[in-house]
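Read through the structure below, which is laid out as structure tokens, and then see the notes.
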Amino acid sequence: MLHLIYNPIAGRGRASAALVDTRAFLEAHGVPYRVLATGAPGHATRLAAGTPADATVVAVGGDGTAHEVAKACIGSGRTLGVLPVGSGDDFAFALGMRRADLQGALERLVAGNARRVDTGIVNGEPFINAAGVGFDADVATRVAASPRPLKGFAAYLWAVLTALGALDAAPVEVWVDDALVYTGRSLLVSTQLGPRTGGSFLFAPGASIDDGLFEVLVAGGLGRIGTLRLLPRVMRGAHLGHPAVHLFHGRRVRLVWERQQPGHVEGEPLPAAREFRLELAPASLRVLA
């Protein structure tokens, strides 16, 4: 049986329509299922933790829903499935899914082919695609507060433009596997398992979610104009040759900021802090992909 953890507000309407199609597909293929709707932040984790120890638990929503469901699956006997109907769907992208291809995602569920992928943990919080500190975390917070009519890329664009008004690159030390690899002002530091974040930004285009390594992207102390010029390159994954952009690989990351910075995992806010510690957990999550 599939246990569908359904976020009714995901994708600002996309999830509700997708659930109708999902029910019809599963019933047509004779696949037993039940639907468990979320009602508040953290509810998806509790619902997933209440499923049998060997259950296949499907996140019907965006990256936030997948993140919450995955917390109950990491290191357990549960298998995570994903129906990407959110605003960003970056974890699904890392698994090779296309945002608009609900049919393809449903076919994966029915096929039942599983693989193991890496996860990470930052200051005690697990993550499955990306953990960011600085400008991208500010953008993620603003996406959640964007005007209701805005969806998908439009919401991210609004968030980016408003975050630029408050841009203030802070000094940071970046340690990777106990080596100091960067010191100076930084727009952001993003620790990636998958290649994309923010729904459209290929921070680490070569990242693989099962290679046993983080890709750590450091953007230097860019100003507003420099950031605006860089963003289109990031969307194409063509930013790694920029002199202000640095990429490192490793399994342990420590960030020490001069002052408190906002953080996020999968677009969900983390408490602001001066220090962030991240560690990779290889092959710790079983997913249908």
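The antiparallel fraction among DSSP beta bridges confined to the chain stands at about 75%.
For the range 1-113, the Stokes-Einstein estimate of translational diffusion at 4 °C and a viscosity of 1.567 mPa s comes to 96 µm²/s, using the Kirkwood hydrodynamic radius over alpha-carbon pairs. Considering only Cα atoms, the convex hull volume of the chain works out to 111 Å³ per residue. Altogether, the Stokes-Einstein calculation at 37 °C and 0.692 mPa s, with the Kirkwood radius of the range 125-283 over Cα pairs as Rh, returns a diffusion coefficient of 212 µm²/s.
In a reduced charge model with +1 at each Lys and Arg Cβ and -1 at each Asp and Glu Cβ, the range 125-283 shows a dipole moment near 620 debye about its Cα centre.
Contact order for the range 125-283, expressed relative to its length and based on alpha carbon pairs under 8 Å spaced 6+ residues apart, stands at 28 percent. Charged side chains reduced to their Cβ positions (Lys and Arg at +1, Asp and Glu at -1) give the range 2-112 a dipole of some 160 debye around its Cα centre. Amide H contacts of residue 185 (H built 1.01 Å from N, in plane; Pro and chain starts excluded): 172, 221 sit under 5 Å, all sequence-distant by 5 or more or on other chains. Averaged over residues, the count of other Cβ atoms within 10 Å places the peptides 54-66, 33-45 in the sequence 54-66, 33-45, highest first. Distance from the Cα centroid of the range 47-83 to that of the range 232-249 is 32 Å (rounded to whole angstrom).
Entry for the range 134-224 at q = 0.21, 0.22 Å⁻¹: log10 I(q)/I(0) = -1.08, -1.13, Debye formula applied to identical alpha-carbon scatterers, no solvent contribution. Toward the positive end of the charge dipole of the range 86-143, with +1 on the Cβ of Lys and Arg and -1 on the Cβ of Asp and Glu, the farthest Cα among 102, 126, 140 is that of 102.
Throughout, read-outs are computed from the coordinates displayed, never taken from laboratory work. Here the structure is a predicted model, which means the values were calculated and not measured. Neighbour counts are summed over all protein chains in view; Cβ atoms, including those assigned to glycine, are modelled from backbone coordinates with ideal geometry.
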